[in-house]
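All of the numbers you see were taken from the coordinates with simple rules; none came from a lab. Here the structure is a predicted model, which means the values were calculated and not measured. Positions of Cβ are backbone-derived with ideal geometry, glycine not excepted, and every protein chain shown enters the neighbour counts.
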Amino acid sequence: MIDFKNSEYVKLKETDPSVVMKDIAPLLIDGEQVIGVYKGIRDYCLFTDKRVISVNVQGMTGKKKDFTSMPYSKISVFSVETAGVLDMDSELEMYFSGLGKVKFEFTGRSNIVEIGRIIGHYAL
């Protein structure tokens, strides 16, 4: 599992879902739809209509991957922080029962408000 408390994350930016579908498709349940994919240098996270999946690509070749599945139903609190004038990144924090805080940082161009709306729709 990804150590969300001690990890430094590269800023994530929106990516075409087809880039990661080969790795993700086997994990999706029947009828689960991918809403958005956000990728850093190697690691990425995706939002479906059921959960957030965080993928930590490991090793020199990148063949080893850690998939962490976090269902919206386990979110107790979430927070979005939009980009500012001098602070050009935006942030998403989610608190999951049994896991604690998960934080993702996005480029300022990411539509963090829309991400928050999607999480709210499925978590509330």
Search the structure for amide H atoms under 5 Å from the amide H of ASP43, placed 1.01 Å from N in the peptide plane, and list their residues when 5 or more places away or on another chain. VAL57
Have a look at the DSSP beta bridges in the chain and tell me what percent are antiparallel, nearest 5. 95
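Please arrange ILE41, ILE115, ILE35 by counting, for each residue, the other beta carbons lying within 10 Å of its beta carbon, fewest first.
ILE41, ILE35, ILE115
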Let me have the relative contact order for segment 13-123, percent, based on Cα pairs under 8 Å that are six or more residues apart. 18
Rg over Rh of the chain, using C-alpha atoms and the Kirkwood radius, what does it come to? 0.93
Gain upon complete extension [GLU114, LEU28; 0.36 nm per residue less C-alpha separation]: 28.7 nm
